[in-house]
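Just so you know, all these numbers are worked out from the coordinates, no wet-lab data involved. As the structure is a prediction and not an experimental result, all values here were calculated from the model. Because the Cβ atoms are built from the backbone with ideal geometry, glycine has one as well, and the counts that use them run over all protein chains shown.
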């Protein structure tokens, strides 16, 4: 074990501001990671992702092992070179997507056999194979292979699932090829059961990872349950390692999770919402498809400095979505990623000033009842 | 009549290098105008269009009068402000699209009544209305309303159509609101009949426009016939006015038309081809969907300086098209517009050096037999 690549710069309650050092640059936390599933953040060039202020992006092992294939990514120089993204990249292990393939997968103690959702071809993933694939992808942060415990699950089911994930975690750590500035995270499972979460955490700490992810949340349990699980489990993680809440979430989820000590997030919400015309703004969620925006000459969000807000009016954005032009999704994806980045950057600053709670309260207060008015529920 | 906004800088045979002055900036000719049908060049931000070196873009009156409507564009500050494109914009008159609405339109001497292809709603376009719409759009260059003569047409049909267009041209000129740096072009019709083209040109010269377009070509007659029509008619146009060949064409079409004295072009080919995976390169047309590119670590076009060529490998572009990611169309649109821009800029330089024929021959010679090999016929 080497020293931790992560240092906490400031704390405010349980909230932390920190820096994670990697081979591809430092990451200031708390941080949101845009999702680039198939080695591209949908609708964004690498330059435009950079322009949003993104520090690290996520790519999906499951999708990339199927297309174009890990060997091919390696032959094209790895994800960084292929995507023209020299910054840090985190890859998931494929477990989450494969567990979603109901009827197309078969789990055993050694790994999982599954059929591609694309062409039905058979594939197999073991902890060792998942680590090798992420090595070929040139992931800055590699995730251990886990089984994402479904929700709902009985405590007995959740326990069996967690124990399997912990055995896979040990094998994942064993198979990881250590390189300077490349990190590997373990994933805490245990469903909504505090005791299982505790045992999972202890198992992972016994193995020892560079960072720890909290998996198996945001799968239908709701924010209140998710927060209660965080309350019961985040404090068990070592203070000197980064904490990553996988697949979360809305801006409100992020504020609440950072207040509970989480440092890192990824989610498709800002990008997917952007593609369907929904914008996160300082005043709440807007649905640009709504006719109310058709003649609006004002900025999408006067508080935002992205091209969608500074170069165009709401009426033009409405027009782009009504005509199904690519530029609509492009501009709103850009905006939403900028919103998420600014939200996290502002929160980081607030933590360093000891004002995280006031910052979060002010952000929430500015979300006037637009969400209801626009009918823009965000439930991805 | 004021002085011409156009000056010829150099000639090489019939080919011309010139400058067209407008209220929104000067345009160096020969020039290709990217098409932004619905007030957006598909898949491109205004910044990326600028980055390709585009000097002027085209927008479509027909599409914009239906969505979002000319009044709404005006309320949003006009096309320049709405799109964030402060440079010159040319709008067509709507005639070409409406003539394509077989069965949905009814022509009379005064104008044309048609039904929207979107919702079947009834609309009417007259020369006066077409001019007012383009005024509301804030077009830098307004096109006269014409009937685009179909192909094939008998000489009698082509004559009647041309005579109608000439009456509409006179009314279009009458209805045009003159403003400094805003121009109006008349459109020569007459099908493939040299005598009709001559009579049409004489009629337009009698009215007097700021520039002259050649319409009714690239509608199925083939390159050889198109060039023969240009041979018989371009020389009849005044030397001190810009000449615009509407809806043309492939790189080879452009080289041949410039050699015959044409200055301006627009066409959906580079943008549409880019969206479907076809790239114009210094070596010919490539289809990035082809499996031969899957493992190719080389640049799309080593001679090009666009992001698709300098930041990524062919293998990644292939992956983006195979996975139907938006970034594929985005990057190839960018590349193709850059290719067209560089082709015209290089040709302009060659004209000024008196080497236009050699330049065109060298460009054509470098198009190795890729077109056939890639099965990438360009016939939009």
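Segment residue A:167..residue A:113, full-extension length gain: 17.7 nm, with 0.36 nm per residue of separation and the alpha-carbon distance subtracted.
To the nearest ten degrees, helix A:155-175 and the longest principal axis of the Cα atoms of chain A are 80 degrees apart. Chain B versus the axis that turns it onto chain A: the residue with the nearest Cβ and the distance in whole Å amount to B:326, 3. Distance from the Cα centroid of the stretch B:241-258 to that of the stretch B:5-60 is 13 Å (rounded to whole angstrom). Sorting A:168, B:367 by the number of Cβ atoms found within 10 Å of their own Cβ, with the fewest placed first, yields B:367, A:168.
Taking each residue of A:315-328 in turn, how many C-beta atoms of other protein chains fall within 10 Å of its C-beta, and what is the average?
On the way: counts 7, 11, 0, 3, 11, 4, 0, 4, 10, 1, 8, 10, 13, 1.
Rounded to a whole number, the mean comes out at 6.
For the listed peptides A:349-359, B:33-43, a ranking on the average number of other beta carbons within 10 Å per residue, highest first, reads B:33-43, A:349-359.
The Cα center of the stretch A:122-142 and the Cα center of the stretch A:171-217 differ in position by 16 Å.
How well do other chains shield peptide B:34-44, expressed as the mean number of their Cβ atoms within 10 Å of each residue Cβ? Present the calculation step by step, with values, prior to reporting the outcome.
On the way: counts 0, 0, 2, 2, 7, 6, 10, 3, 3, 5, 3.
Taking the mean over all residues of the peptide, I get 4.
Shielding value for B:144-155 is 0, the average number of Cβ atoms from other chains within 10 Å of each residue's Cβ. Remark: the protein assembly as shown projects, on average over all directions, an area of 33.5 nm² (convex hull of Cα atoms).
What does the helix-only formula give at 222 nm for chain B: each DSSP H stretch with n ≥ 4 adding -39500 (n - 2.57), the total divided by the residues, and the result rounded to the nearest 500 deg cm²/dmol? If you can, show how the numbers build up before the last one.
Values: 16 runs with 157 residues, N = 380.
After summing the helix terms and dividing by residue count, I get -12000 deg cm²/dmol.
On the principal axes of its alpha-carbon atoms, chain A has extents of 59, 48, 40 Å, going from largest to smallest. Among A:255, B:205, the order by Cβ neighbours within 10 angstrom, fewest to most, reads B:205, A:255.
Computed from label points 7 Å out along Cα-Cβ, the spacing between residue A:179 and residue A:21 is 1.8 nm. Remark: relative contact order (chain A) = 18 percent; criterion is Cα-Cα distance under 8 angstrom and separation of 6 or more residues.
Computed from Cα positions, the angle between helix A:194-207 and the longest principal axis of chain A comes to roughly 70 degrees. Peptides A:140-153, B:116-129 ranked from most to least packed by the mean count of surrounding Cβ atoms within 10 Å: A:140-153, B:116-129. Projecting 7 Å from Cα along the Cα-to-Cβ direction, the label point of residue A:178 sits 8.3 nm from its equivalents in the other copies, listed shortest first. Specify whether the C-alpha gyration tensor of the stretch A:94-217 places it in the rounded, prolate or oblate class, a ≥ b ≥ c being the square roots of the eigenvalues: rounded for a/c under 1.5, otherwise prolate if a/b is larger than b/c and oblate if not. It comes out oblate by the Cα gyration axes.
Put the label 7 Å from Cα along Cα→Cβ for residue A:302; what are its distances to the other copies, in nanometres, shortest first? Output for residue A:302: 5.5 nm, nearest copy listed first. For the listed peptides B:81-90, B:178-187, a ranking on the average number of other beta carbons within 10 Å per residue, highest first, reads B:81-90, B:178-187.
For helix B:356-366, what angle does its Cα long axis make with the longest principal axis of chain B, in degrees from 0 to 90 and rounded to 10? Approximately 50 degrees, to the nearest ten.
Please report, in cubic angstrom per residue, the volume enclosed by the convex hull of the alpha-carbon atoms of the stretch B:245-339.
For the stretch B:245-339, the hull spanned by Cα atoms encloses 86 Å³ per residue.
With the largest listed first and rounded to whole Å, the semi-axes of the equivalent ellipsoid of the stretch B:12-150 from the Cα gyration tensor are 27, 19, 13.
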